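Okay, structure first, notes after.
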Amino acid sequence: MKTLRVAWSSTHQEFLITDSYYFSILAKESQKNGIVIEEVPVFTELFCYDVVIFNYPEKPFNKEEIELIKKSVVEEGKRVLFTAHFQNKDNVAKICSKVSRHFGLLVLPEEVFDDVNHIADDPYIVPTSRVFTYNNGVKEVVFPYSAPLELLDEAKVILRGMETTITRKGKTSPVLVAEKNFPSGGSFALSGSCIFWDNYSITKADNLRFALNLIKGPLK
C-alpha cells in the first residue's frame with residue numbers, strides 16, 4: 001500500500017492534529033490505513049506533501065498564499081482540504097471563503113440544524129445518509145455544527161443534509177461538503193464542519209471511513 005503524505009497546517013492558527021484530546025483516533029487510524037499526517041508550521045513546506053489540510057484556520061490568507069494554493073491544486077495536482085464551522089465563529093467562514101471562492105465554493109456564515117433527526121438531544125449534530133462520493137464503506141455520516149456551503153460554479157457535491165435538515169434561512173438539504181476537481185489531478189475540497197473527525201464524532205456512524213476516504217480524495 002502506497003503511503004499518502006498529508007500536511008496538517010499549523011500556519012494559520014488551525015485546530016491541530018497534535019491535540020490528542022481531539023484527534024488521537026484520526027491520527028492513529030490514518031497511519032493504519034497508509035496515511036501519514038504531519039503537522040507543518042511553514043506555509044511553503046505544506047506543498048511538498050500530497051494533501052494539505054487547513055482545519056479551522058483563524059488567521060486570514062494573503063494574496064500570495066492564495067496564489068500558491070491555486071497553483072498547487074490547478075497546476076501541480078495537489079489535494080487541498082479546508083474545514084469550517086457554523087455561525088462564522090472566529091470569522092472562519094469568511095476566512096475559508098476568501099480562498100474557496102477561487103474554486104467556486106463558499107462557506108455561508110450561518111448554521112445547519114435538524115429538529116427531527118439529530119443525536120444527543122442536539123439539533124446541531126445531524127446524521128445524513130446523503131453521501132454522494134467517497135462513500136465506499138459509508139452509509140451514514142454524523143455531521144456536527146456545520147455551516148452550509150454555496151456552489152458558485154460547477155462542482156461535485158460530496159455530502160448533503162437530509163430533507164429534514166435546514167439552514168437558518170430555511171434552505172432544506174444543504175450542501176455540507178463539496179469539491180472542485182482539475183485536469184491536473186488536483187482537487188480542492190471544502191467542509192462546513194471541522195469536527196466531524198474529532199474523537200467524539202469519528203466514532204459515530206461511518207465517520208471514520210468517510211474521513212479517511214475524504215483525505216485520500218480521487219484515485220489517480
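General remarks:
- Test: F15 is surrounded by 16 or more Cβ atoms within 10 Å (Cβ to Cβ), in contact (Cβ under 8 Å) with a residue 60 or more places away in the chain, farther than 18 Å from E179 by Cβ and out of contact with any Asp or Glu (no Cβ under 7 Å at 6 or more places or on another chain): yes
- Checking S20, S72, S24 one by one, the residue that is polar (S, T, N, Q) and more than 20 Å from L212 (Cα to Cα) is S72 and no other.
Conditions (1) among the β-branched types (V, I, T); (2) assigned to a strand (DSSP E or B); (3) in contact (Cβ under 8 Å) with a residue 12 or more places away in the chain, marked per residue:
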{"residue": "I53", "(1), (2), (3)": "yes, yes, yes"}
{"residue": "K98", "(1), (2), (3)": "no, no, yes"}
{"residue": "V138", "(1), (2), (3)": "yes, no, yes"}
{"residue": "A147", "(1), (2), (3)": "no, no, yes"}
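- Residue ID - nearest to F15 (Cα to Cα), chosen from residues in region 173-210 that are small (G, A, S) and under 9 Å from the mean Cα position of the chain (by Cα): S193
- Some residue of region 102-117 being in a helix (DSSP H, G or I) and either at pLDDT 95 or above or over 15 Å from the mean Cα position of the chain (by Cα) (or both): yes
- Residue selected from region 151-161 under the condition surrounded by fewer than 17 Cβ atoms within 10 Å (Cβ to Cβ) and of a type in the set (D, E, K, R), by the criterion farthest from N135 (Cα to Cα): D153
- Residue list for region 168-195, filter: within 14 Å of A147 (Cα to Cα), touching a residue at least 60 places away in the same chain (Cβ under 8 Å) and not β-branched (V, I, T): P174, L176, A178, L190, S191, G192, S193, C194
Every residue, every condition in (1) touching a residue at least 12 places away in the same chain (Cβ under 8 Å); (2) surrounded by 24 or more Cβ atoms within 10 Å (Cβ to Cβ); (3) over 15 Å from A155 (Cα atoms), yes or no:
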position: Q87; (1), (2), (3): yes, no, yes
position: K94; (1), (2), (3): yes, no, yes
position: L105; (1), (2), (3): yes, yes, no
position: E111; (1), (2), (3): yes, no, yes
position: H118; (1), (2), (3): no, no, yes
position: Y124; (1), (2), (3): yes, no, yes
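- Of the candidates T203, T172, T164, the single residue that is modelled with pLDDT of 95 or more, surrounded by fewer than 16 Cβ atoms within 10 Å (Cβ to Cβ) and touching a strand residue (DSSP E or B) at 6+ places or on another chain (Cβ under 6 Å) is T172.
The values are calculated or read from the model by the stated rules, or taken from the named source; none is laboratory data. Remember, it's a predicted structure, so these values are computed and weren't measured experimentally. All Cβ positions, even for glycine, are placed from backbone atoms using ideal geometry, and neighbour counts span all protein chains on display.
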